[in-house]
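Read the structure below first, then the notes.
Every read-out reported here was derived from the displayed coordinates using simple, explicitly stated rules and does not represent laboratory data. Note that the coordinates shown come from a computational prediction; the quantities given were computed from them, not determined experimentally. Reconstructed Cβ throughout: ideal geometry from the backbone, glycine too, with neighbour counts over all protein chains shown.
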């Protein structure tokens, strides 16, 4: 009998401890000292009302799923799988429809920023399927989780959280209802808060920079992003190349995204354009790109300065190539 009493007491203490641990895990951000310190810093630095921020943080606690997704090791997919997943007939058809519905804004963006309409459309298509898939995670919860419970990249996400709260303070976003990706990217162009603050533009004249619902603002902001990163109007993006021998392999360096060699210099490595252009081969610089179009079958491209600019949006050769190829499919099918 005494043993049973001791066992019951132990189980009661154990269950109480577990409940306490569970409660601690689900404790709202507002009750944490590190978050309270951050709230105070936001007030001191930007004058944001501490009580208001506390009320926002009360609504959320750490989202373990966000951390799990950030830690998940994604296996790199070959180019032909990436291509087939992103460049689909539906994305092309939806892109043509998006272009028709927003033709005036796209023409205005092209004139102001020099970025072709089809490139803008393709980026929005790949980023969010033209606004159909923009994320389901509360951005405030996501960024707070990564800022305070993801040490590996906490400084970066703490800064993004600061930017998000400043955007909310400006009235462009709702602080607790805005949804985004599990990394905190938002809206149709999937801008992180720092990019939102730096590159988003009020292209519609509404008085706000709305990348969630306002398609004109989205179009202008994507164009502004590329323009600010050095887009050159009417200049090449990427062209197919032919190679011979093995010397060209010395230039296959995916870690160096910049076009560094002129066409004349590339020729010394047995690399040429498939279709020769009437360009000054001593001026135009490019980088060699190798893509696997099927198992053990490769093709080669030369990416120019504007290709590099697209990689500033997403630092991936696959991404930039997909944007270009999708844009060409949309452009060639768009009724003129």
Rounded to the nearest 10 degrees, the helix 103-113 long axis (Cα) sits at an angle to the longest Cα principal axis of the chain of 80
In degrees, nearest 10, the alpha-carbon axis of helix 215-228 is tilted away from the dominant principal axis of the alpha carbons of the chain by 70
The whole-number value in µm²/s of the Stokes-Einstein translational diffusion coefficient for the range 37-78, with Rh from the Kirkwood sum over alpha carbon pairs at 20 °C and 1.002 mPa s, is 165
Computed over the range 250-336, the relative contact order (Cα-Cα under 8 Å, seq sep at least six) in percent reads 25
Per the rule of 0.36 nm per residue minus the C-alpha distance, extending residue 198 to residue 65 adds in nm 45.0 nm
Placing each pseudo-label 7 Å from Cα in the direction of the beta carbon, residue 97 and residue 250 end up separated by a distance in nanometres of 5.2
Relative contact order in percent for the chain (Cα pairs under 8 Å, 6+ apart) equals 17
PRE zone check, label point 7 Å out along Cα-to-Cβ of residue 235, amide N under 12 Å, scope the range 293-321, hits 304-310
With 0.36 nm assigned to each residue of separation and the Cα-Cα distance removed, residue 334 to residue 133 gains 70.0 nm
Once the mean of 1/r over all distinct C-alpha pairs in the chain is inverted, the Kirkwood radius in Å reads 22.8
Taking a crude spin-label model, label points 7 Å out from Cα along the C-beta direction, the residue 242 to residue 153 distance in nm is 4.3
Least to most buried among 191, 60, 74, by other C-beta atoms within 10 Å and fewest first, runs 74, 60, 191
Here the FRET efficiency for residue 264 versus residue 299, based on Cβ atoms and R0 = 35 Å and rounded to 0.05, is 0.95
